[in-house]
Amino acid sequence: KPVIFSGMQPSSDSLQLGNYIGALSQWTKMQEDYDAIFCVVNLHAITVPQDPKELVERTRRTAAQYIAAGIDPEQSTLFIQSHVPAHAELAWVLNTLTGFGEAGRMTQFKDKSQRHGADAASVGLFTYPILMAADILLYQAESVPVGEDQRQHVELTRDLANRFNSRFGDTFVLPEAQIPKTVAKIYDLQNPSAKMSKSAETEAGLIKVLDPANVTSKKIMRAVTDDDNEIRFDREAKPGVSNLLTIFSVLGDRSIESIEAEFQGLGYGHLKKAVAEVVEESLAPVRERTTELMADPAELDRLLARGAERANEIANKTLDLVYERVGLMR
Ligand code: ATP
Ligand code: MG
């Protein structure tokens, strides 16, 4: 079976709807047909400041949400990034192959360093994509299911793999991003030109998987729209309404056209109410299952330790080969 790798940062107390739609729900569909490897990337999370106690809690919670959404830890390899030292070790080697200008072109760094203030941004945030390249290349993944925002990082991964292979001999499989076409990006409800993010500075536009139904529906009812009161998909002219239509369409599993037709002539309030309902239907089971899993942290840790064992085995094979190729004595 072809290998896929993907991960999420434990950078918040809950995943957000974009993570669920753009990544997690895609992963669960792919488990059968792929040799799937899913990671909670806690080393990536510390590229911006984290509270240590919270980080531990969020790491478990992120893993619990993977399982709650349908990742089967028997079928797929599910683990915590810091349990596999090879990630940091390969990242170092790849750092030495990455151009400064090349890393400087990454738009996520530009966005995030702006948000945290250019001077507050760490070197770790700058080299984030290189650690991500290590994550992917260690498992010789052919395909990387991510949201649109990660496309550029997967391209860099490909470039680095290619560079390593031509300098040191064939070592890495060249990975490709696998980005769902229609649902590649969910936008912030208050600022529909920005992608929804776990670590957004304001939470008003953020749908959290683990929030209670009333909190989420309030946020949806207050979502930014426009003045012409016409329910029609138009990403440019009507970003807020289009975002709601996308969410409705993907979670309700129906076409945008059929939603437009059903709500023709009705106000935005009607649409928002219906969106809140489908969101709740999708997220309620994930929320409930996450609570159950979090009630038994020892069992969760046991599952993650097993995943780490499997991951270490694969990752160390690749790292040994890399060290040999580069001429690093073991
Ligand atoms: P952070 O703000 O800490 O960066 P995030 O919400 O961007 O958090 P990540 O952990 O960086 O989440 O990304 C996890 C996965 O979710 C990636 O595959 C990413 O492409 C996807 N993703 C993140 N935000 C969205 C979104 N708004 N729409 C679709 N996919 C998304
Ligand atoms: Mg992100």
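Before anything else, pin down the relative contact order of region 1-100: Cα pairs under 8 Å, at least 6 apart, normalised by residue count, whole percent.
It rounds to 36 percent for region 1-100.
Mind checking the angle between helix 239-252 and the chain's longest principal axis? C-alpha axes, 0 to 90 degrees, to the nearest 10.
In the chain, helix 239-252 runs at an angle near 80 degrees to the longest axis.
Any idea what the relative contact order of region 189-330 is, in percent, if you count C-alpha pairs under 8 Å spaced at least 6 apart?
It rounds to 20 percent for region 189-330.
Could you give me the ³J(HN,Hα) list for region 80-91, computed from phi with Karplus coefficients 6.51, -1.76, 1.60 and θ = phi - 60°, whole Hz, x at Gly and Pro?
Running phi through 6.51 cos²θ - 1.76 cosθ + 1.60 with θ = phi - 60° gives 9, 3, 6, 7, 10, x, 4, 4, 5, 5, 5, 4 Hz.
Nearest 10 degrees is fine. How inclined is helix 268-294 to the longest principal axis of the chain, computing both from alpha carbons?
Here the helix axis deviates by roughly 40 degrees.
Excluding residues fewer than 8 places away in the same chain, name every one of the aspartates and glutamates whose C-alpha is closer than 13 Å to that of Lys219.
Asp188, Glu203, Asp211, Glu277, Glu280
Distance in nm between label sites at Ala103 and Leu55, each 7 Å beyond Cα in the beta-carbon direction?
Taking the simple label geometry, Ala103 and Leu55 are separated by 1.9 nm.
Charges only on Cβ, +1 for Lys and Arg, -1 for Asp and Glu: so what's the dipole of region 154-206 about the Cα centre, in debye to the nearest 20?
120 debye
Cross-link list Lys112/Lys198; Lys29/Lys181; Lys110/Lys195; Lys185/Lys238; Lys185/Lys273; Lys1/Lys29: which exceed 19 angstrom alpha carbon to alpha carbon?
Pairs exceeding 19 Å: Lys185/Lys273.
With r as the distance between the Cβ atoms of Ala194 and Glu313 and R0 = 45 Å, compute the FRET efficiency 1/(1 + (r/R0)^6) and round to 0.05.
0.65
Taking square-rooted eigenvalues a ≥ b ≥ c of the alpha carbon gyration tensor, is the chain rounded, prolate or oblate, where a/c under 1.5 means rounded and, failing that, a/b exceeding b/c means prolate?
prolate
Kirkwood Rh, Cα Rg: Rg to Rh for region 117-248?
Answer for region 117-248: 1.09.
Could you tell me what percent of the DSSP beta bridges with both partners in the chain are antiparallel, to the nearest 5?
In the chain, approximately 20 percent of DSSP beta bridges are antiparallel ones.
Could you work out how far helix 123-138 tilts from the main Cα principal axis of the chain, as a 0 to 90 degree angle to the nearest 10?
80 degrees
Using alpha carbons only, how many angstrom separate the centre of region 270-286 from the centre of region 56-96?
If you average the Cα positions of each part, the centres end up 29 Å apart.
Could you work out [θ]222 nm for the chain from helices alone, using -39500 (n - 2.57) per DSSP H run of at least four and dividing by all its residues? Round to the nearest 500 deg cm²/dmol.
-17000 deg cm²/dmol
When the chain is fully extended, how far beyond the present Cα-Cα distance does Gln114 get from Gln31, taking 0.36 nm per residue of separation?
In short, 26.2 nm is gained.
How high is the FRET efficiency between Asn162 and Ala88 when r is their beta carbon distance and R₀ equals 25 Å, given to the nearest 0.05?
0.65
Which of Val215, Val286, Val173 ends up with the largest GNM mean-square fluctuation for the chain, with Cα atoms connected below 10 Å?
Fluctuation is largest for Val215.
Using 0.36 nm per residue, how much length does the chain from Glu236 to Leu321 gain when fully extended, once their Cα-Cα distance is taken away?
25.8 nm is the gain from fully extending Glu236 to Leu321.
The numbers here are math on the coordinates, done by the rules we state, and not lab data. Just so we're clear, the structure is a prediction, and the values are computed from it rather than from any experiment. Neighbour counts run over all protein chains shown; Cβ positions are idealised from the backbone, glycine included.
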